[in-house]
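Since every read-out is calculated from the coordinates, none of them should be taken as a lab result. Please read these numbers as outputs of a predicted model, since none were measured by experiment.
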């Protein structure tokens, strides 16, 4: 009888825990929905700005490749964008042509920089290329993140990594004391 009572108590507490977890998940979903309604237009604008800035990076790299001068210097000057300029230059030199980008918000929130709260944005940028010589397409996804310091109009602490490197993104967010205002499902 004691064993059965304990088992019934355990099963009852297990059901209660699942109920609490479901309630908590529902609260997170509601808060995420509110955050996305509140910040949606701003996040869309920030992601579009990242995409536009990367368009300038591609233009600059393409210009250096056409001139056949200072490609490595140009890539080095675009260091804010991490590995993307060098990766793009290498692809172009291998015969790949730019097709388009697909940009989506990955996360948005608040970070700490030198004791101040600043905004942080993470965009997923898929860069679509094609290579006529080999008859193939390339679809490479990058996480592009930075802090937005509106007090001193600057983008700070840039981070870029292939999308499949989720650990690198988590490390950048932890280092930046990132608190999401977008993706609460994680």
Top of 31, 132, 175 by mean-square fluctuation, Gaussian network on the chain, Cα under 10 Å: 132
Please state the relative contact order of the range 12-104 as a whole percent: Cα pairs under 8 Å, 6+ residues apart? 27
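Which value, in Å to one decimal place, does the Kirkwood hydrodynamic radius take for the range 41-180 when every pair of different Cα atoms is included?
Kirkwood hydrodynamic radius for the range 41-180: 15.8 Å.
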Under 1.5 on a/c is rounded, so check that first for the range 66-149, then, if it is not, pick prolate when a/b is larger than b/c and oblate when it is not; a ≥ b ≥ c are the square roots of the alpha carbon gyration tensor eigenvalues. oblate
Fully extended, how many nm does the chain gain between residue 52 and residue 112 (0.36 nm per residue separation, minus their Cα-Cα distance)? 19.0 nm
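Normalising by the residue count of the chain, find the relative contact order in percent from Cα pairs under 8 Å and 6+ residues apart.
Computed over the chain, the figure is 21 percent.
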For the range 126-185 and the range 105-122, what is the separation of their Cα centres, given in Å? 13
Along the three principal axes, how long is the range 24-106 when you take its alpha carbons, biggest first, rounded to the nearest angstrom? 56, 20, 19
